[in-house]
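A.B. asks: This is the structure, below, for whatever I ask next.
The values are calculated or read from the model by the stated rules, or taken from the named source; none is laboratory data. Just so we're clear, the structure is a prediction, and the values are computed from it rather than from any experiment. We place every Cβ from the backbone using ideal geometry, glycine too, and count neighbours over all the protein chains shown. With ligands, DNA and RNA removed, areas are computed over all heavy atoms of the protein, side chains included. Shrake-Rupley method; radii C 1.70, N 1.55, O 1.52, S 1.80 Å.
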Amino acid sequence: MSKTWRIYILALLSFLVGTSEYIIAGILDKISDSMHISLVAAGQLITVFSLVYALGTPIIMAFTSGWNRKKLLLYALGLFILANILAFIMPGFGLFVSARVLMALGAGVVVVTSLSIAAMIAPSGRQASAIATVIMGFTASLIVGVPLGRMVATAYNWKVVFGGIGALGLLAIVVIALTIPALQSEAAIPLRKQLALLKSPKIAIGLAVSFFWLGGYSIAYTYISPFLLSITGMSEKTLSTALFAFGIASLVGSKLGGFSTDRWGVQRTLRSGMLLHMITLVLLTLAAHSPIIVFPLLLLWSFSAWSSGPTQQYNLVTLAPESSGIMLSLNSSVMQLAMAAGAGIGGVVVSQISLTAVTWMGAIGVGIALVITTLSSRQSTAAKPVITGSSQRV
């Protein structure tokens, strides 16, 4: 099997993991109804998953740094599969939360190890492309996984989604065992060295941008399904279509965000994307009861939100080019913490204010990220030479 196909297999793993994480937002109302819990309690499933993913993954990766990468991937995938099967068969909210904890531990290690293997097996000079392909699996989970999961949950039962992910995982573990070569790990990077980067003010500020940008997004996205069903009045069929279109818009936004970064630079792309992101969330609040207006606003929201993704990744790498791997790992953990915080804050907003308020509260989070970006832009410009045109491409 060619190296390219092996990398696509790793991307499919990323798709399964991404679907298992994001699907909760797509079926939140169904979990709430079937388990007889509040939307707020159901929303904390995202908080638990993201917290365990963010805090557990770096620790596990540090302790298993000497392991063969294929062996680690198979063990982590096995844990991920077991967790999905348990989520499918075990009754009750408490047991489902336990399954989500195991799922997050397995998912985090699967993704990080897949990225590592992709870089190792990629042809010379194509490592970045291989990593981008694996990351695209996550994007595909928003485009295909979440709306497909919603349709399956509507036609059958929401737990069938996790049973399906578990079954596909079993198939994947066989394919991985047969196609991925045994690879020794690279030199381990101690957690102390990883966390030492946080002492740099410019890096701490850069990660703060990631936290507030994605945290604001998560406040609103966690409750997107009940918001569209209860507040906007969308039908079940329209909701599935909206979730699919939302995913497509995220892909377009990510692609154009990368193009804009190359053409107009990091700061202009970040500021314009976050400004549009914030404005769109405010407009969603104002037009919440009109499906005709909300639908295009959803597309604009997803487009603007994800246009900041590749730009922010590139921005962080330029802050510490000699430690790019560590920076991307730290950013991944910060983004998961942001998802957890956003889901938690969203739950407080829904219980203490209203479901409608999640969009404008999300706008506040994005607004904070925009302010931080704007205030730090002069310092960033002074700290490194201005790069324009094709010379900025990575």
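A.B. asks: Taking 8 Å as the Cα distance limit and 6 or more residues as the minimum spacing, I'd like the relative contact order of the stretch 248-313 as a percentage. Working shown, then result.
C.D. replies: Values: 74 pairs, mean separation 38.8, N = 66.
The value is 59 percent.
A.B. asks: With +1 assigned to the C-beta of every Lys and Arg and -1 to the C-beta of every Asp and Glu, and no other charges, what is the dipole magnitude of the stretch 1-151 about the Cα centre in debye, to the nearest 20? Before the final figure, lay out the partial values.
C.D. replies: Values: 9 positive and 3 negative charges, 117 e Å.
With Lys and Arg at +1 and Asp and Glu at -1, about 560 debye.
A.B. asks: Let me ask something else. To the nearest 20 debye, what charge dipole does the stretch 105-228 have about its Cα centre, counting +1 at the Cβ of each Lys and Arg and -1 at the Cβ of each Asp and Glu? Spell out each step's value before the answer.
C.D. replies: Details: 7 positive and 1 negative charges, 60 e Å.
Computed about the Cα centre, the dipole is about 280 debye.
A.B. asks: Lys/Arg Cβ at +1, Asp/Glu Cβ at -1, dipole of the chain taken about the Cα centre: which of Gly108, Leu195, Phe49 is farthest positive-ward?
C.D. replies: Of the listed residues, the answer is Leu195.
A.B. asks: With +1 on each Lys and Arg Cβ and -1 on each Asp and Glu Cβ, and nothing else charged, work out how big the dipole of the chain is about its Cα centre, in Debye to the nearest 20. Spell out each step's value before the answer.
C.D. replies: Numbers: 22 positive and 7 negative charges, 185 e Å.
Dipole size: approximately 880 debye.
A.B. asks: Can you find, among Pro226, Ser333, Gly365, the residue sitting farthest towards the positive end of the charge dipole of the chain, where Lys and Arg contribute +1 and Asp and Glu -1 at Cβ?
C.D. replies: Selected residue: Ser333.
A.B. asks: When only alpha-carbon atoms are used, what values of Rg and Dmax, in angstrom, describe the chain?
C.D. replies: 20.1, 58
A.B. asks: How charged is the neighbourhood of Ala182? Take every other residue with its Cβ under 11 Å from the Cβ of Ala182, and add Lys/Arg as +1 and Asp/Glu as -1. Mind showing how you got there, number by number?
C.D. replies: On the way: positive: Arg69, Lys70, Lys71; negative: none.
Combined, the nearby Lys, Arg, Asp and Glu give +3.
A.B. asks: Thinking of the stretch 288-379 as a set of Cα atoms, what percent of all their pairs are more than 16 Å apart?
C.D. replies: Working: 2842 of 4186 pairs.
That fraction is 68 percent.
A.B. asks: Taking a probe of 1.4 angstrom, what is the accessible area of Lys202 in Å², to the nearest 10?
C.D. replies: Per-residue accessible area (Lys202): approximately 90 Å².
A.B. asks: May I ask you to derive the relative contact order of the stretch 1-188, considering only C-alpha pairs under 8 Å and at least 6 residues apart, and to give it as an integer percent? Walk me through the intermediate numbers first.
C.D. replies: Working: 254 pairs, mean separation 76.4, N = 188.
In percent, rounded to a whole number, it is 41.
A.B. asks: Could you tally the net charge around Ile9, taking each other residue with its Cβ under 13 Å from the Cβ of Ile9, Lys/Arg +1 and Asp/Glu -1? Intermediate values should be presented prior to the final figure.
C.D. replies: On the way: positive: Lys3, Arg6, Lys70; negative: none.
Charge balance near Ile9 sits at +3.
A.B. asks: Given only helices, namely DSSP H runs of n ≥ 4 each adding -39500 (n - 2.57), what is the per-residue ellipticity at 222 nm of the chain, to the nearest 500 deg cm²/dmol? Provide the component values of the computation, followed by the final result.
C.D. replies: Details: 15 runs with 315 residues, N = 394.
Helix contribution divided over all residues of the chain: -27500 deg cm²/dmol.
A.B. asks: So how long is each side of the stretch 189-381 along the principal axes, counting just the alpha-carbon atoms, biggest first, in Å?
C.D. replies: Dimensions of the stretch 189-381 along the principal axes of its Cα atoms: 51, 37, 28 Å.
A.B. asks: While we're looking at this one, here's another question. Using the Kirkwood radius over Cα pairs, work out the Stokes-Einstein diffusion coefficient for the stretch 235-310 at 37 °C and 0.692 mPa s, in µm²/s as a whole number.
C.D. replies: Numbers: Rh = 12.7 Å.
Diffusion coefficient, whole number: 259 µm²/s.
A.B. asks: Continuing with this model, one more query. If you look at just the Cα atoms of the stretch 202-260, how large are its Rg and its Dmax in Å?
C.D. replies: My reading of the Cα-based Rg and Dmax gives 14.9, 46 Å.
A.B. asks: What Kirkwood hydrodynamic radius do you get for the stretch 137-275 when you take the inverse of the mean 1/r over all pairs of distinct Cα atoms, in Å? Let's see the in-between values first.
C.D. replies: Values: mean 1/r = 0.0526 Å⁻¹.
Evaluated over the stretch 137-275, this radius sits at 19.0 Å.
A.B. asks: Starting from 0 in steps of 10 Å, tell me what percent of the Cα-Cα pairs of the stretch 68-165 lands in each bin.
C.D. replies: Result, from short to long distances: 16, 36, 33, 13, 3 percent.
A.B. asks: Next up: What does the charge count near Met234 come to, summing +1 for each Lys or Arg and -1 for each Asp or Glu among other residues with Cβ under 13 Å from its Cβ?
C.D. replies: That works out to 0.
A.B. asks: Kindly sort Arg150, Arg271 by accessible area of their heavy atoms, largest first, with the probe set to 1.4 Å. Don't skip to the answer; put the middle values down first.
C.D. replies: Working: Arg150 0, Arg271 80 Å².
From most exposed to least exposed: Arg271, Arg150.
A.B. asks: Give me the percent of Cα-Cα pairs in the stretch 1-119 that sit more than 19 Å apart, rounded to a whole number.
C.D. replies: On the way: 3339 of 7021 pairs.
Cα-Cα pairs in the stretch 1-119 separated by more than 19 Å: 48 percent.
A.B. asks: Are there DSSP H segments in the chain that both extend 24 Å or more along their axis (alpha-carbon positions) and score a mean Kyte-Doolittle hydropathy of at least -0.5? List them, or say none.
C.D. replies: Both cut-offs are met by 3-26, 39-63, 69-89, 93-121, 158-179, 201-221, 236-264, 266-286, 291-319, 324-352, 357-383.
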